[in-house]
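The values are calculated or read from the model by the stated rules, or taken from the named source; none is laboratory data. Not measured: the values here are computed from a predicted model. Ideal geometry is used to build each Cβ from the backbone, glycine not excepted, and the neighbour counts take in all protein chains shown.
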Amino acid sequence: MRWTVCGALATALLAAGCVSAPEPQQSAADFLFVWAGDKDGQDEDFLAVVDLRLGSMSCDENVARLPLGAQGTMPHHVEYEFPKGGMLFADGWVSGLTSLIDLHDPLKPKLVKRFTDMKDMSFPHSYARLDAGNVLVTL
């Protein structure tokens, strides 16, 4: 399986490398979340979790994987900032699929909900959290 990954951030963060240090307490900031799909669309799209904790035995490794339950959706965007509540919106652009993923425990991501019926709207793209707690979605 070959992944398609949005952005060069994954390469930059992984290139930083891992050095020996005391095991820090786990938080979402210690992980890289990769929203990806199988390049030829034959396998399920997924969210991969890469450990970035310095000194961790699994530093620089894929430590969790959440299959989307759909393939060929073209994983495209997630929220621009990690949500304070740990509930992340992500889209499968060409399929019109929006997923809500629970990342409270980065090692056990959970698919909470999938939104597919948006009536006359299509191609979910970007997400922005408003101060009142609402989420603005461009379609």
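Odds and ends about this structure:
- When residues in segment 45-69 are screened for being without any contact (Cβ under 8 Å) to a residue 60 or more places away in the chain, surrounded by 17 or more Cβ atoms within 10 Å (Cβ to Cβ) and within 22 Å of ARG114 (Cα to Cα), 6 of them pass.
- Residue check for PHE115: under 11 Å from the mean Cα position of the chain (by Cα), on the phi < 0 side of the Ramachandran plot and surrounded by fewer than 19 Cβ atoms within 10 Å (Cβ to Cβ): no
- If you filter segment 118-139 down to residues that are touching a residue at least 24 places away in the same chain (Cβ under 8 Å) and under 30 Å from LEU52 (Cα atoms), you find that the one that is surrounded by the most Cβ atoms within 10 Å (Cβ to Cβ) is PRO124.
- Residue, modelled with the lowest pLDDT, within segment 93-119, restricted to residues that are assigned to a strand (DSSP E or B) and charged (D, E, K, R): ARG114
- Subset tally (residues that are without any contact (Cβ under 8 Å) to a residue 40 or more places away in the chain, outside any loop (DSSP other than H, G, I, E, B) and surrounded by 18 or more Cβ atoms within 10 Å (Cβ to Cβ)) for segment 70-92: 1
- Segment 49-65, residues that are aliphatic (A, V, I, L, M) and closer than 21 Å to LEU111 by Cβ: VAL49, VAL50, VAL63, ALA64
- Residue satisfying all of: in segment 31-57; touching a strand residue (DSSP E or B) at 6+ places or on another chain (Cβ under 6 Å), charged (D, E, K, R) and not in a loop (DSSP other than H, G, I, E, B); farthest from TYR80 (Cα to Cα) among these: GLU44
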